[in-house]
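A short write-up of the structure that comes next.
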Amino acid sequence: MKKNGILNGPVNARLSTLGHGHLVMITDCGMPLPDSAAVVDLALVKGVPGFAEVLHTVLADLEVEGAVIASEASGTVVEDVVRGEGLSPEFVSHEELKSLLGEARLIIRTGEATSYANVALRCGVTF
């Protein structure tokens with residue numbers, strides 16, 4: 001049995017295949033997701049699991065060199081959460097952020113019900 005970290009098998013499997021420059025998206029429950037094998041739906045009920053806890057947990061396992069959030073999230077709790085994790089997000093329109101879904105190697109849908117609680121994470125390298 002795994003001792004620490006992410007226990008969800010599909011999330012673990014996808015995280016282990018990521019390389020430099022790959023894109024991971026963590027989304028709220030309202031994001032229109034593609035019909036794709038890249039999607040792992042963690043949403044249980046509204047608010048569970050939350051955006052902040054999923055982001056925090058993923059960042060513990062993932063080397064990130066950049067983050068993107070919607071400009072509509074500027075000055076909101078979403079920006080605060082992302083910055084609170086030590087990230088300096090780039091801002092794009094919500095429509096531009098949604099267009100990144102097609103590029104993502106992993107999309108994690110949370111139960112978050114806060115507007116614009118979405119982030120795209122660009123994988124870095126540990127060396």
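Every test in (1) in a loop (DSSP other than H, G, I, E, B); (2) surrounded by fewer than 17 Cβ atoms within 10 Å (Cβ to Cβ); (3) of a type in the set (A, V, I, L, M) is passed by LEU18 save one, and that test is (2). Can you tell me which residue is most open to solvent (accessible area, probe 1.4 Å) among those in region 27-46 that are in contact with an Asp or Glu (Cβ under 9 Å, 6 or more places away or on another chain) and either modelled with pLDDT under 95 or not hydroxyl-bearing (Ser, Thr, Tyr) (or both)? Result: LYS46. So how many residues does region 97-127 have that are touching a residue at least 24 places away in the same chain (Cβ under 8 Å) and either open to solvent by 70 Å² or more (accessible area, probe 1.4 Å) or of a type in the set (Gly, Ala, Ser) (or both)? Residues meeting the conditions: 13. PRO49 satisfies every condition listed in (1) surrounded by fewer than 16 Cβ atoms within 10 Å (Cβ to Cβ); (2) in contact with a Gly (Cβ under 6 Å, 6 or more places away or on another chain) except (1). Residues in region 32-62 that are in a helix (DSSP H, G or I) and over 13 Å from THR114 (Cα atoms): GLU53, VAL54, LEU55, HIS56, THR57, VAL58, LEU59, ALA60, ASP61. The condition of being open to solvent by less than 50 Å² (accessible area, probe 1.4 Å), modelled with pLDDT of 95 or more and part of a helix (DSSP H, G or I) holds for only one of VAL68, VAL24, VAL11, that being VAL11. Among the residues of region 67-96, those identified as without any contact (Cβ under 8 Å) to a residue 12 or more places away in the chain and within 16 Å of SER115 (Cβ to Cβ) are GLY75, GLU79, ASP80, GLU95.
Annotation note: Cβ proximity below 7 Å between a residue of region 5-16 that is at negative phi and a residue that is aromatic (Phe, Trp, Tyr) and surrounded by fewer than 14 Cβ atoms within 10 Å (Cβ to Cβ) (sequence gap 6+ or interchain) occurs for no pair.
The values are calculated or read from the model by the stated rules, or taken from the named source; none is laboratory data. Quick caveat, the model's predicted, so the values are computed rather than measured. All Cβ positions, glycine included, derive from the backbone under ideal geometry; neighbour counts span all protein chains shown. SASA here: full protein model, heavy atoms, side chains in, ligands and nucleic acids out. Shrake-Rupley method; radii C 1.70, N 1.55, O 1.52, S 1.80 Å.
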